[in-house]
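The values are calculated or read from the model by the stated rules, or taken from the named source; none is laboratory data. Bear in mind the structure is a predicted one, so any value in this text is a computation, not a measurement. Cβ coordinates were reconstructed from backbone atoms using ideal geometry, including for glycine residues, and neighbour counts include every protein chain displayed. Side chains are part of the model used for accessible areas, which takes the heavy atoms of the whole protein and leaves out ligands, DNA and RNA. Shrake-Rupley method; radii C 1.70, N 1.55, O 1.52, S 1.80 Å.
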Amino acid sequence: MSTSQTLNQKGAAILLTVVLLLIMVTLVTLYTGKIQSFEHQIMINTQNQKWAQLSAKAGLNQGLGMLKVNKFLSGVKVLGNLEDNSTFIISAISEDLPGSRKLVTIKASGKSADGLAKATVSEQLLVYPILFNQPPAPLMVKYGFSSAGEFEVASNPDGRGIAAPLSLWSDAVVTLFGTHHHSCILSEFHAGNCSTNTYSDYSIKQSDIADASASFPEELVSYLFNIPPTEWIQLQQQSDFLLADCDTLDIGSWGMIWVDGDCEVSASTQIGSQSEPVILVIFDGNVVFQSNVTLYGLLFSFRPTDSIKVLDINMQAQSAVFGAVVTNYQLGTKGALTRVVYQADVIQRLQEIKRLQRVARVPGSWHDF
């Protein structure tokens, strides 16, 4: 074999090797590019999916905010757009429960800005009234009523059943003395005859005075608000207003009002209204209504277990609570007068009006799809 033939063969081998290497490099490059493109697509899809999930969560939060304001969400779908051009759709289903409560299921679907990814989340929320149990009696007193004090009560005509009136409910024996303690039917109160045309008084104690009652609630905070008495701070946190006194209370007052300490209301003041009654909680303080004070709603005078104060409620001439008065201590110890007129529509409104309802998430109800 000549030298030229040998060189030609070597050149051909080198060329073939180079071509094979180029083919391998090209294949590796194409494969790497395909892998990187695939990884990039995965990253985009993951990002879009997270984008859609965040949009759905934003929609769920908006639905929660709307529910807290309105206490109601209709079945009509609500569309929303976020600043990043992602979108969401909210829908809700409401189920009525006993005790003026509602179980609302909110479903929110979110889409990424490019519309390629979609996510759906849902959660259940409970809409409930602050007032868990309606007081069946206009006057509920733990430890009874002192003979030194006075009460004038217009009874709940159906407090103990249909046509079975209930005026005062207590776990202790209540002894009626003279004209200091008396109850009457609502018409007699409005006619100004409650002290003369009585239902119960010193001469006869009728069944509308349910004293020494074995069914009287052990803890009134739990009974009224479904909160353990040791956790009363939870009740305070649900209040719309936290006050140091009652100086600012008037006809425009609304919601749940927590007063820390003594409460004295000036003469000729109306607190709340028949259509917008209030829940007034007096924490560890005395209550004094000067003349012609009217409160629509529930007055709950609450003395904590560690208090050493001697508390009472004193209502001057023509002052009254139209609704109910509840205390977790004995009334009348200072010779004061408590006047209460039961109004079923006012008590009912305490559970129905939006301002006295709250919204809570149902634990374990959150789901994504």
Among what's in the stretch 250-264 and is under 27 Å from D306 (Cβ atoms) and of a type in the set (A, V, I, L, M), pick the residue that is farthest from the chain's Cα centre (by Cα).
V259
Within the stretch 111-133, the residues that are outside any loop (DSSP other than H, G, I, E, B) and of a type in the set (D, E) are E123
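Got at least one residue in the stretch 107-130 being under 26 Å from D345 (Cβ atoms), free of Cβ contacts under 8 Å to residues at least 40 places away in the same chain, within 22 Å of the chain's Cα centre (by Cα) and surrounded by 14 or more Cβ atoms within 10 Å (Cβ to Cβ)?
Here is the first cut: in the stretch 107-130, the ones under 26 Å from D345 (Cβ atoms) are 126-130.
Adding the requirement that they be free of Cβ contacts under 8 Å to residues at least 40 places away in the same chain leaves none.
No: the stretch 107-130 contains no residue that is under 26 Å from D345 (Cβ atoms), free of Cβ contacts under 8 Å to residues at least 40 places away in the same chain, within 22 Å of the chain's Cα centre (by Cα) and surrounded by 14 or more Cβ atoms within 10 Å (Cβ to Cβ).
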Among (1) closer than 15 Å to D262 by Cβ; (2) at pLDDT below 95, the one test that T305 misses
(1)
Could we say that D96 is within 19 Å of L356 (Cα to Cα) and surrounded by fewer than 17 Cβ atoms within 10 Å (Cβ to Cβ) here?
yes
Out of all the residues in the stretch 311-318, is one or more acidic (D, E), on the phi < 0 side of the Ramachandran plot and open to solvent by less than 30 Å² (accessible area, probe 1.4 Å)?
yes
List pairs: first residue in the stretch 324-338 and in contact (Cβ under 8 Å) with a residue 12 or more places away in the chain, second residue of a type in the set (G, A, S) and open to solvent by less than 10 Å² (accessible area, probe 1.4 Å) anywhere in the structure, Cβ distance under 6 angstrom, at least six positions apart or on different chains.
T327/S301; Q330/G144; L331/G149; G332/G149; G335/G149; A336/G149
Do any residues in the stretch 227-243 that are free of Cβ contacts under 8 Å to residues at least 12 places away in the same chain have Cβ atoms under 6 Å from those of residues that are exposed (fewer than 15 other Cβ atoms within 10 Å of the Cβ) and assigned to a loop (DSSP other than H, G, I, E, B), where the two are at least six apart or on different chains, and which pairs are they?
none
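So which of S86, S91 ends up being over 28 Å from N328 (Cβ atoms), open to solvent by less than 60 Å² (accessible area, probe 1.4 Å) and in contact with a helix residue (DSSP H, G or I) (Cβ under 8 Å, 6 or more places away or on another chain)?
Details: S91 fails: in contact with a helix residue (DSSP H, G or I) (Cβ under 8 Å, 6 or more places away or on another chain).
Every option except S86 fails the conditions.
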Here, helices (runs of 4 or more DSSP H) confined to the stretch 151-238 with at least 2 residues that are hydrophobic (A, V, I, L, M, F, W, C) and in contact with a helix residue (DSSP H, G or I) (Cβ under 7 Å, 6 or more places away or on another chain) are 220-225, 232-237
Looking at S55, is it over 30 Å from Q134 (Cβ atoms), in contact (Cβ under 8 Å) with a residue 40 or more places away in the chain and in contact with a Lys or Arg (Cβ under 9 Å, 6 or more places away or on another chain)?
yes
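Which residue out of S207, S213, S268, S200 is buried (at least 18 other Cβ atoms within 10 Å of the Cβ) and either polar (S, T, N, Q) or farther than 21 Å from V340 by Cβ (or both)?
Only one candidate passes the filter, namely S200.
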The residue that is modelled with the lowest pLDDT, considering only those in the stretch 117-156 that are among the aliphatic types (A, V, I, L, M) and under 23 Å from D312 (Cβ atoms), is A148
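So, in the stretch 159-171, of the ones that are surrounded by fewer than 22 Cβ atoms within 10 Å (Cβ to Cβ) and touching a residue at least 12 places away in the same chain (Cβ under 8 Å), which residue ends up nearest to G65 (Cα to Cα)?
Keep residues of the stretch 159-171 that are surrounded by fewer than 22 Cβ atoms within 10 Å (Cβ to Cβ), which gives 159-164, 171.
Retained after the next criterion (residues that are touching a residue at least 12 places away in the same chain (Cβ under 8 Å)): 159-160, 164, 171.
Values: G159: 38, R160: 40, A164: 44, D171: 42 Å.
Per the stated criteria, the residue is G159.
Tell me which residues, restricted to the stretch 239-265, are surrounded by 15 or more Cβ atoms within 10 Å (Cβ to Cβ) and either on the phi > 0 side of the Ramachandran plot or not in a strand (DSSP E or B) (or both).
Filtering the stretch 239-265 down to residues surrounded by 15 or more Cβ atoms within 10 Å (Cβ to Cβ) leaves 239-241, 243, 246, 249, 253-260, 262-265.
Of everything in the stretch 239-265, those that are surrounded by 15 or more Cβ atoms within 10 Å (Cβ to Cβ) and either on the phi > 0 side of the Ramachandran plot or not in a strand (DSSP E or B) (or both) turn out to be S239, D240, C246, L249, S253, W254, G255, D262.
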Pull up the stretch 131-149, narrow it to residues that are more than 30 Å from K68 (Cβ to Cβ) and touching a helix residue (DSSP H, G or I) at 6+ places or on another chain (Cβ under 8 Å), then point me to the one that is surrounded by the fewest Cβ atoms within 10 Å (Cβ to Cβ).
K142
